[in-house]
Amino acid sequence: MVRLLLDDFRARAILEIACSQDTLDIPELVWKAAIDLEFDAGDLERVRDLYERLLERSQNHLKVWVSYANMEVATELDEEGKSAGIVNAREILQRAYDHFKSIQANTERLVLLEAWKELESQHGTADDVEKIISKFPRRIKKRRKVTLESSAEGEADYYWEEFYVFLVIFC
C-alpha cells in the first residue's frame, strides 16, 4: 500500500508516524505494512525493532509473538539451507511463554505451545520437539458420584460420571 510511493524513505516516515499514534482504526494493518516494508528492504534490525515496539504495546497478543518467531526462522539460513534463526525464534517463544505464565494465561500458553511444536517439527530436531511436548498439560480421567433423588421411596440413587481434568504442569 505505502510501497506504491516508490520511495522507501517517505513510506517509512509515513508508517513511523502512523505507528506512533495511540489510536488507530486498524492498527494491525499499519504495523504489518511497516514490518513488511522493512522485511522486503532486508533491514532485519528495523524489523526486530518494530516487533519489539509492537510487543511493548500489545504483549498479550499471541499472534504478534508467533509472527515474530516465524520471521526469525524465515530470515536466516545457514550454508546447508537450514534455518539458523531458530535459535532467535526459540528465545522469542520462551519470552512469550514466560510472559503468559506470569499473567496465568493458560489458554494462550497452550496455543503458543502448539505453534512452537509446529515450528520445532519443521526446523528443529526430534529432541527439540520432545522438550516442547513435555511442557503440555496432562489430561487425567476422573470419576465422581452423582446423586439422584428418587421420588418413589425417598432413597437417593446415584451413578458415576466420568470427566477429564487438565493437570497444568506448565514449566
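Laboratory data are not the source of any read-out in this text; all were calculated from the coordinates shown. None of these values were measured; they are calculated from a predicted model. Positions of Cβ are backbone-derived with ideal geometry, glycine not excepted, and every protein chain shown enters the neighbour counts.
Subtracting the Cα-Cα distance of Gln104 and Arg144 from 0.36 nm times their residue separation leaves 11.7 nm of extension gain. Computed from the C-beta positions of Ser134 and Ala74 and an R0 of 30 Å, the FRET efficiency is 0.70 to the nearest 0.05. Please name whichever of Ser58, Ile35, Tyr68 sits farthest to the positive end of the charge dipole of segment 33-75, dipole taken about the Cα centre and charges placed at Cβ: Lys and Arg +1, Asp and Glu -1. Result: Ser58.
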